[in-house]
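**Student:** Below are the structure tokens for one structure; questions will follow.
The values are calculated or read from the model by the stated rules, or taken from the named source; none is laboratory data. Quick caveat: nothing in here was measured; it's all calculated off a predicted structure. All Cβ positions, glycine included, derive from the backbone under ideal geometry; neighbour counts span all protein chains shown. These accessible areas exclude ligands, DNA and RNA; they are computed on the full protein's heavy atoms, side chains included. Shrake-Rupley method; radii C 1.70, N 1.55, O 1.52, S 1.80 Å.
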Amino acid sequence: MATLKITVNKNRGIGSEDCVETAPAVFQLDDDGKSDVANPAGAPEATILAAARACPVKAITVVNGETGEQLFPPPRK
């Protein structure tokens with residue numbers, strides 16, 4: 001399993017908790033009710049990508065930490 005770099009754009013996030021529901025070992029809500037990465041290795045890659053896709057405002061970015069390839073959202077061509 002590749003090391004993933006996961007970031008949450010706090011300005012874009014709305015606190016819907018969809019990512020927390022999908023990957024609770026990876027995401028948690030901070031004091032402002034916004035998603036935060038608690039443990040980037042807390043779930044398999046497929047679960048983390050599903051959590052990122054579940055975000056209604058696409059505030060989560062997932063990058064392969066070894067190759068630098070952006071896995072979600074897909075890079076624009």
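**Student:** Among the lysines, which fall within straight-line cross-link reach of LYS5, defined as a Cα-Cα distance under 20 Å, with same-chain neighbours fewer than 8 residues apart omitted?
**Tutor:** LYS34, LYS58
**Student:** Go ahead and run the numbers for FRET between LYS5 and LYS77, Cβ-Cβ distance against an R0 of 22 Å, rounding to 0.05.
**Tutor:** The formula returns an efficiency of 0.55 here.
**Student:** If one takes the longest principal axis of the Cα atoms in the chain, at what angle in degrees, from 0 to 90 and to the nearest 10, does the Cα axis of helix 45-54 lie?
**Tutor:** Approximately 50 degrees, to the nearest ten.
**Student:** Okay, next question. Per the Kirkwood definition applied to all pairs of different Cα atoms, how many angstroms is the hydrodynamic radius of the chain? Numbers along the way, then the final one.
**Tutor:** Details: mean 1/r = 0.0820 Å⁻¹.
Over the chain, the inverse of the mean reciprocal pair distance is 12.2 Å.
**Student:** Here is a follow-up. Given 0.36 nm per residue, what is the gain on full extension from THR47 to ILE14 after removing their alpha carbon distance, in nm?
**Tutor:** Values: separation 33, 0.36 × 33 = 11.88 nm, distance 2.05 nm.
So the extension gain works out to 9.8 nm.
**Student:** While we're on this one: Could you do me a favour and compute the accessible area per residue for the chain, 1.4 Å probe, result in Å²?
**Tutor:** Per-residue accessible area for the chain comes out at 61 Å².
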